[in-house]
Amino acid sequence: MEMEMSVTSAPRLASADIARLDPYQFMAVIGKRVIHPGGRHSSEALIDMAVFAPEHHVLDVGCGVATTAIEVACRFGSHVTAIDISPLMLQRARRNVLASGLADRIEVAEGNILALDHADNSFDRVVAEAVTMFVDRPRAAAELVRVCRPGGRVLATEFFWREPPTPEAREVFLGQVCPGMQIDTLEDWMTLYRAAGLRDVQVESGPFEMMTPRGFLVDEGLARTLAVMGRCISRLSYLRKMTWLMPRIQRAVPYLGFILICGTKPFARPN
Ligand SMILES: C[S@@+](CC[C@H](N)C(=O)[O-])C[C@H]1O[C@@H](n2cnc3c(N)ncnc32)[C@H](O)[C@@H]1O
């Protein structure tokens, strides 16, 4: 994928590159800011569960375009390290952080949830909204817990099946829209994060509304929703991608939900 990298201006992608973008990268390219299944509602619930404080050092893994990182730094004065594996996301995250005026509190860096560059026990809060589900889940969950300090909290948002999907809905979503992604049941996700070492696990769940008209409007507001729609119809390759994506996502919407998990890393027991 050819991209000219600059912090202030987003690179113009070739049509063939747009066709190859995953749905989340595509959402970022057309200007969507909230790019996870629970939308703003789950980010607000995450903020409530995390209880951020100004002295906290927060790690946001798979930060996307840095929407939650900016929200946390702005509202709570915490220092946030926002990492992502995708150059396209990092470019937009850096631009958004710069525009927010919070570059002194948010550091944006490349990083992989499967092998975090940080020492054990480095962060007070570790956040991963819609990331673990794309990768080796036990390994990713173990990394999130490893870099959290004892007594600190790990918070993650994931997709889950609220209802068993029809074979067609499953194939369309996991075979075509998000190839390679794995979705578990609510109980499976809780088991995974407990096995990674979290205790006092709290859970909230709800429907997947990010791509419904109502969810889109709630997440982005009217002005941005109109801007995103305008961008979509401004280029044939965007329109093609959107008209391919939307009906396929809609087929899975009735069965999908988000789960938000918050757990505490325990202090080691003395021998
Ligand atoms: C569904 S998006 C969520 C973005 C952001 N957390 C949000 O909620 O808006 C998933 C993000 O995870 C990133 N990602 C995928 N695999 C990753 C990995 N191995 N390490 C770090 N980030 C990863 C993607 O680049 C993308 O930005």
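The values are calculated or read from the model by the stated rules, or taken from the named source; none is laboratory data. Note that the structure is a prediction, hence the values are computed from the model and not measured. Glycine also receives a Cβ, built like all others from the backbone with ideal geometry; neighbour counts cover every protein chain displayed. In case anyone asks, the SASA skips ligands and DNA or RNA and just uses the protein heavy atoms, side chains included. Shrake-Rupley method; radii C 1.70, N 1.55, O 1.52, S 1.80 Å.
Residues in segment 177-220 that are among the basic types (Lys, Arg) and either closer than 27 Å to Cys148 by Cβ or open to solvent by less than 60 Å² (accessible area, probe 1.4 Å) (or both): Arg194, Arg199.
Given the condition buried (at least 24 other Cβ atoms within 10 Å of the Cβ) and either within 12 Å of the ligand (Cβ to nearest atom) or in contact (Cβ under 8 Å) with a residue 24 or more places away in the chain (or both), answer yes or no: does some residue in segment 98-109 qualify? Yes, segment 98-109 contains a residue that is buried (at least 24 other Cβ atoms within 10 Å of the Cβ) and either within 12 Å of the ligand (Cβ to nearest atom) or in contact (Cβ under 8 Å) with a residue 24 or more places away in the chain (or both). Each residue in segment 13-31 was checked for being farther than 21 Å from Ala252 by Cβ, open to solvent by less than 20 Å² (accessible area, probe 1.4 Å) and either of a type in the set (Gly, Ala, Ser) or within 13 Å of the ligand (Cβ to nearest atom) (or both), and 2 of them qualify. The selection criterion, being within 23 Å of Ala45 (Cβ to Cβ) and either surrounded by 16 or more Cβ atoms within 10 Å (Cβ to Cβ) or not small (Gly, Ala, Ser) (or both), does not hold for Arg231. Just one of the listed residues (Phe173, Phe159) is within 16 Å of the ligand (Cβ to nearest atom), at pLDDT below 95 and closer than 25 Å to Glu71 by Cα, and it is Phe159.
Residue count for segment 133-159, restricted to those that are open to solvent by less than 20 Å² (accessible area, probe 1.4 Å) and touching a residue at least 40 places away in the same chain (Cβ under 8 Å): 13.
If you go through segment 17-73 and keep only what is under 21 Å from Val108 (Cα atoms) and polar (S, T, N, Q), you end up with Gln25, Ser43, Thr67, Thr68. For segment 233-271, a residue qualifies if it is under 22 Å from the mean Cα position of the chain (by Cα) and farther than 19 Å from Cys178 by Cα, and the qualifying residues are Leu260, Ile261, Cys262, Gly263, Thr264, Lys265. Are any of the residues in segment 238-252 open to solvent by 20 Å² or more (accessible area, probe 1.4 Å) and not in a helix (DSSP H, G or I)? Checked against the condition, which is being open to solvent by 20 Å² or more (accessible area, probe 1.4 Å) and not in a helix (DSSP H, G or I), segment 238-252 yields no hits at all. Scanning segment 155-182 for residues that are within 24 Å of Ala19 (Cα to Cα) and part of a loop (DSSP other than H, G, I, E, B) turns up Cys178, Pro179, Gly180, Met181, Gln182.
Of the residues making up segment 53-94, just one is within 7 Å of the ligand (Cβ to nearest atom), among the small types (Gly, Ala, Ser) and closer than 18 Å to His41 by Cα, namely Gly64.
Only residues that are more than 23 Å from Leu256 (Cβ to Cβ), open to solvent by 10 Å² or more (accessible area, probe 1.4 Å) and of a type in the set (Gly, Ala, Ser) were counted across segment 32-78, and they come to 2.
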